[in-house]
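Asks: Here it is, the structure, as structure tokens.
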Amino acid sequence: KIVFKNNAGFPHNVVFDEDEVPAGVDVAKISMSEEDLLNAKGETYAVTLTAPGTYSFYCSPHQGAGMVGKVTVK
């Protein structure tokens, strides 16, 4: 289980890139929607990733500013 936490008080979300997750993973089931945002400081989003592999994710409002990441499940 991974918990993403808004520590700044600006709107953020977590969207997994459908082209950069393990085969067979449905990103709609693990991503927040583009409109669903963590608006307040301290709000969290939790997701459990079970398929082994590397998952790329981003914050859609701030992807252009480099708010992206990867997590590897072994």
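Readers should treat all values here as calculations from the given coordinates under stated rules, not as data from a laboratory. The shown structure was predicted, so the numbers you read here are calculated from the model rather than taken from an experiment. FYI the Cβ positions are ideal-geometry reconstructions off the backbone, even for glycines, and counts take in every protein chain you see.
Asks: I need the full set of residues from the range 32-74 which are among the acidic types (D, E) and without any contact (Cβ under 8 Å) to a residue 12 or more places away in the chain, in order please.
Replies: E35
Asks: Still on this structure, please answer the following. Filter the strands (runs of 3 or more DSSP E) completely within the chain down to those with at least 3 residues that are surrounded by fewer than 16 Cβ atoms within 10 Å (Cβ to Cβ), touching a Phe, Trp or Tyr at 6+ places or on another chain (Cβ under 9 Å) and of a type in the set (V, I, T).
Replies: Answer list for the chain: 68-73.
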